[in-house]
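Have a look at the structure below, then the notes.
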Amino acid sequence: MKNKTVKALAIAMTVATVTMMGSASIYAADDAAETATEETAEDAEAADTEEASDDDQKAADEVAALIDKIYVQERNDTTDEDCKAAKEAWDKLTDAQKELVEGEEADPDYFGRDTGDASKDDPRNQDEIGENELLVVSFGTSFNDSRAEDIKGIEDKLQEAYPDWSVRRAFTAQIIINHVEARDDEAIDNMQQALDRAVDNGVKNLVVQPTHLMHGAEYDEMVDAVNEYKDKFESIAIAEPMLGEVGDDATVINDDKKAVAQAITDAACQEAGFDDMQAAADAGTAFVFMGHGTSHTANVTYDQMQTQMEDLGFTNAFIGTVEGEPEDTACEEVIAKVKDAGFKNVVLRPLMVVAGDHANNDMAGDDEDSWKSQFEASGAFDSVDCQIEGLGRIEAVEDLYVEHTKAAIDSLGTSDDAEATDDAEATDDAEATDDAAADDTATDDAAEETTDAE
């Protein structure tokens, strides 16, 4: 009996063990299946993510290519359509895709950066110009607020000063024209378009006022473009750029440079809260005015402006350039000058007509190669501040352009011709009156003689 019970228990234990082993196998199989399913799902998700990422990059690359296509200095037959296509493609991107836009010249800021309200500007490309046109030629800027305050500010001042002349606009930078057209749907004439518009509108007298700083490369190109049209108008005059004649060396300065030096330092002091440059110097503050720089022989203009600052007694005014041409205007050179002079506080401000890309990025940007970053990295200064304002919004500078335009208008002799015509007509009328009076006198004398004879 005992043996039978033991056998029965053994059989039961064997069955239970087999059953448990079977269940474990089933559970193990289920776990394996579940793990495999999860891995498959993760792989599928990764594949979908990779595919989506590829699609996002492809869309972004297409927009970058369209931007690069219009980031050129030559206008062609498809420019308008290309500008429109680039903006439409950009608008279709998601926010994540926009961040992926990167090309030879393209980046998310091309369409994405907020530079102000373009509607405040006036492209001044209207027809019905009349016989007298004042064409204001600028390099241009894609920064909307700066374009309205600096360039349009000058144009408005000139139109106010010369109401009998139609003020129109031309930019010399096609890259900027395309940028503004693509992003803001604002059409600005290049030089050829503006001159063709003047011809088509029957302009007889053309005065060209450049807003350029000096007689540099941009100015020379503008003059060449105007000269090609000299036979299409009765008279043409080109006014002086802001700083007037260049001169031979750094010691040559003039009234234009003096006016600009005084105007920009006055504006800088006011913005910084100082009564004048001496008060700023006493507080240990130096002002660094950053121009563009050029390899053109006119680059001596920057050294002349430094001479002008010194002549005015401004020991805390320093001239620099983005391009470092001339060499003593490079950022590291200017840092050394300010440091050696003992100033501990620095205010950076553009020596440019507009506060555009150079002012916002090269001067005041957050990148390590910006002037602000380099001055801070030098460790030589307690504070480094930036004033992002162009010369075009300073009233004294606007007045200078008005003076230059007046000289150009006067050189045409149109007013003198009109006065001469009036004088001639008045003389003719007077002579005619005298002749008539003489005839009457002769008649009367004859009549008297006849009476006497009778």
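Readers should treat all values here as calculations from the given coordinates under stated rules, not as data from a laboratory. Keep in mind that this is a model prediction, so the values were computed, not measured. Glycine also receives a Cβ, built like all others from the backbone with ideal geometry; neighbour counts cover every protein chain displayed.
Suppose the chain between Val199 and Ser373 were pulled fully straight at 0.36 nm per residue; how much longer would it get relative to their current alpha carbon spacing?
57.8 nm
Debye calculation, C-alpha points only, no solvent: report log10 I(q)/I(0) for the stretch 96-215 at q = 0.14, 0.17 Å⁻¹, in the same order as the q values.
Scattering profile of the stretch 96-215, log10 relative to I(0): -0.61, -0.84.
Given H placed 1.01 Å from N in the peptide plane, which residues other than close sequence neighbours of Cys386 have an amide H under 5 Å from its amide H?
Excluding prolines and chain starts, which carry no amide H, the hits are Leu348.
Along each of the three principal axes of the Cα atoms of the stretch 67-145, give the extent in whole Å, ordering the values from largest to smallest.
Principal-axis extents of the stretch 67-145 (Cα, largest first): 52, 29, 21 Å.
Projected onto the charge dipole of the stretch 142-227 (+1 at Lys/Arg Cβ, -1 at Asp/Glu Cβ, origin at the Cα centre), which of Ala161, Ala182, Gln193 gives the Cα projection farthest towards the positive end?
Ala161
Over 20 Å, how big is the tail of the calculated P(r) for the stretch 253-373, in percent of all Cα pairs?
38 percent
List the residues, sorted by chain then number, that are 5 or more residues from Ser166 or on another chain and whose placed amide H is less than 5 Å from its amide H.
Asn132, Glu133, Leu134
Quick check on my link table: of Lys257/Lys339; Lys257/Lys344; Lys98/Lys120; Lys204/Lys406; Lys69/Lys152, which ones sit more than 21 Å apart, alpha carbon to alpha carbon?
Going by Cα-Cα distance, Lys257/Lys339; Lys257/Lys344; Lys98/Lys120; Lys69/Lys152 fall outside the 21 Å limit.
At a temperature of 20 °C and a viscosity of 1.002 mPa s, determine how fast the stretch 259-311 diffuses translationally according to Stokes-Einstein, using the Kirkwood radius over alpha-carbon pairs as Rh; express D in µm²/s, rounded to the nearest whole number.
For these conditions, the coefficient is 176 µm²/s.
What net charge is computed for the residues neighbouring Ser373, neighbours being all others with C-beta under 9 Å from the C-beta of Ser373, Lys and Arg scored +1, Asp and Glu -1?
-4
Search the structure for amide H atoms under 5 Å from the amide H of Gly291, placed 1.01 Å from N in the peptide plane, and list their residues when 5 or more places away or on another chain.
Gly320, Thr321, Val322, Leu351
Using a 10 Å cut-off on Cβ atoms, rank the peptides 369-376, 357-364 from the highest mean neighbour count down.
Listed from highest to lowest mean packing, they are 357-364, 369-376.
Quick one: 3J(HN,Hα) in Hz for the stretch 241-247, Karplus 6.51/-1.76/1.60 with θ = phi - 60°, rounded, Gly and Pro as x.
x, 4, 8, x, 4, 7, x
I want the local charge near Gly392. Using Cβ-Cβ distances under 11 Å, sum +1 for each Lys or Arg and -1 for each Asp or Glu among the other residues.
Spelling it out: positives minus negatives among the neighbours equals -3.
Rounded, prolate or oblate: pick one for the stretch 168-304, where a ≥ b ≥ c are the square roots of the eigenvalues of its C-alpha gyration tensor, a/c under 1.5 means rounded, and failing that, prolate if a/b is larger than b/c, else oblate.
Prolate is the answer for the stretch 168-304, as a/c is 1.5 or above and a/b outweighs b/c.
Treating the Cα atoms of the stretch 217-263 as identical point scatterers in vacuum, please give the log10 of the normalised Debye intensity I(q)/I(0) at q = 0.18, 0.25, 0.28 Å⁻¹, two decimals.
-0.70, -0.94, -1.04
In Å, what is the Rg of the alpha-carbon atoms in the stretch 225-302, and how long is Dmax?
According to the Cα coordinates of the stretch 225-302, Rg and Dmax are 17.9, 58 Å.
Please report, in debye to the nearest 20, how large the charge dipole of the stretch 183-280 is about its Cα centre when each Lys and Arg carries +1 at its beta carbon and each Asp and Glu carries -1 there.
Computed charge dipole of the stretch 183-280: roughly 240 debye.
Under 8 Å for C-alpha pairs, at least 6 residues apart: give me the relative contact order for the stretch 214-277, rounded to a whole percent.
Relative contact order, the stretch 214-277: 27 percent.
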